[in-house]
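Note sheet for the following structure.
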Amino acid sequence: ETGVTQTPRHLVMGMTNKKSLKCEQHLGHNAMYWYKQSAKKPLELMFVYNFKEQTENNSVPSRFSPECPNSSHLFLHLHTLQPEDSALYLCASSQPRASGTEAFFGQGTRLTVV
Amino acid sequence: SQQGEEDPQALSIQEGENATMNCSYKTSINNLQWYRQNSGRGLVHLILIRSNEREKHSGRLRVTLDTSKKSSSLLITASRAADTASYFCATGGGNKLTFGTGTQLKVEL
């Protein structure tokens, strides 16, 4: 248990559905992230939030919409996804130190788009 | 862009043997981290080595860093079946970590 909780663990959705992924941490971290992990590819950083403000959007399509209402919660709203969006979506948190610091990951949400 | 690249992509060894994984990166770094991922689960931080360090130990793990060659290695000694997982190196300043594709380690009984 890393202290970062993601729900749901598994999600199957149609291309016309709207769903949301949730991430929660109570580690006192002020930076939260969404990563996408597809088979045979490196982890892709999608979004970074520092102190609830989005500081990084790595050219993510608008069908993925993040929301960070406070430093402990992060959401990823999904709508009109494509089958190629099927992947493991990982949330992480850390302290935003310039010298680099350990990131704590959730267990991920396995998303399947049908 | 991908910063770290692990080698080999896959490694299969017998329990009790040592496992060595390598990571090469492209740009200057402040530190390099190694993470482990069990199948279909989240990543777990193993060790962080700073650019002014050459070697670091944590239990059965030994990490080396050669900034002149832009490379790092992770050695797992006396491997166990429970060490079966994917191992990733990560680089990046601040809170923007960039991961490689990982090494899949399988430790057989």
query = Only one residue in A:GLU67, A:GLU44, A:GLU84 is within 12 Å of another protein chain (Cβ to nearest Cβ), in contact with a Ser or Thr (Cβ under 9 Å, 6 or more places away or on another chain) and open to solvent by 60 Å² or more (accessible area, probe 1.4 Å), so which one is that?
reply = A:GLU44
request  = For segment B:1-35, name all the residues that are surrounded by 15 or more Cβ atoms within 10 Å (Cβ to Cβ), small (Gly, Ala, Ser) and not in a loop (DSSP other than H, G, I, E, B).
outcome  = B:ALA19, B:SER24
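Does segment A:87-114 hold any residues that are of a type in the set (Ser, Thr, Tyr), touching a Ser or Thr at 6+ places or on another chain (Cβ under 8 Å) and more than 16 Å from A:LEU43 (Cβ to Cβ), and which are they?
The initial filter retains those residues of segment A:87-114 that are of a type in the set (Ser, Thr, Tyr), namely A:89, A:93-94, A:99, A:101, A:109, A:112.
Of the ones still in play, those that are also touching a Ser or Thr at 6+ places or on another chain (Cβ under 8 Å) are A:89, A:94, A:101, A:109, A:112.
Passing the criteria: A:THR101, A:THR112.
In segment A:13-41, which residue that is assigned to a loop (DSSP other than H, G, I, E, B) and of a type in the set (Ser, Thr, Tyr) is surrounded by the fewest Cβ atoms within 10 Å (Cβ to Cβ)?
Quick first cut of segment A:13-41, residues assigned to a loop (DSSP other than H, G, I, E, B) only: A:14-17, A:26-30, A:38-41.
Now restrict to residues that are of a type in the set (Ser, Thr, Tyr): A:16, A:38.
Working: A:THR16: 8, A:SER38: 13.
Only one residue fits best here, namely A:THR16.
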Leading residue by the ranking (farthest from B:GLU5 (Cα to Cα)) among those in segment B:68-97 that are without any contact (Cβ under 8 Å) to a residue 60 or more places away in the chain and open to solvent by 50 Å² or more (accessible area, probe 1.4 Å) = B:ALA82
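Surrounded by 15 or more Cβ atoms within 10 Å (Cβ to Cβ), at the interface with chain B (Cβ under 10 Å from one of its Cβ atoms), over 23 Å from B:GLY102 (Cβ atoms) and more than 12 Å from the chain's Cα centre (by Cα): does that describe A:HIS79?
On the way: surrounded by 15 or more Cβ atoms within 10 Å (Cβ to Cβ): yes; at the interface with chain B (Cβ under 10 Å from one of its Cβ atoms): no; over 23 Å from B:GLY102 (Cβ atoms): yes; more than 12 Å from the chain's Cα centre (by Cα): yes.
No, not satisfied.
Using the structure shown, decide if A:SER38 is within 14 Å of chain B (Cβ to nearest Cβ), at pLDDT below 95 and in contact with a Lys or Arg (Cβ under 9 Å, 6 or more places away or on another chain). Let's see the steps before the verdict.
Working: within 14 Å of chain B (Cβ to nearest Cβ): yes; at pLDDT below 95: yes; in contact with a Lys or Arg (Cβ under 9 Å, 6 or more places away or on another chain): no.
Considered against the rule, which asks whether it is within 14 Å of chain B (Cβ to nearest Cβ), at pLDDT below 95 and in contact with a Lys or Arg (Cβ under 9 Å, 6 or more places away or on another chain), A:SER38 comes out as no.
The values are calculated or read from the model by the stated rules, or taken from the named source; none is laboratory data. Note that the structure is a prediction, hence the values are computed from the model and not measured. Reconstructed Cβ throughout: ideal geometry from the backbone, glycine too, with neighbour counts over all protein chains shown. We work out accessible area using only protein heavy atoms, side chains counted, and drop any ligands, DNA or RNA first. Shrake-Rupley method; radii C 1.70, N 1.55, O 1.52, S 1.80 Å.
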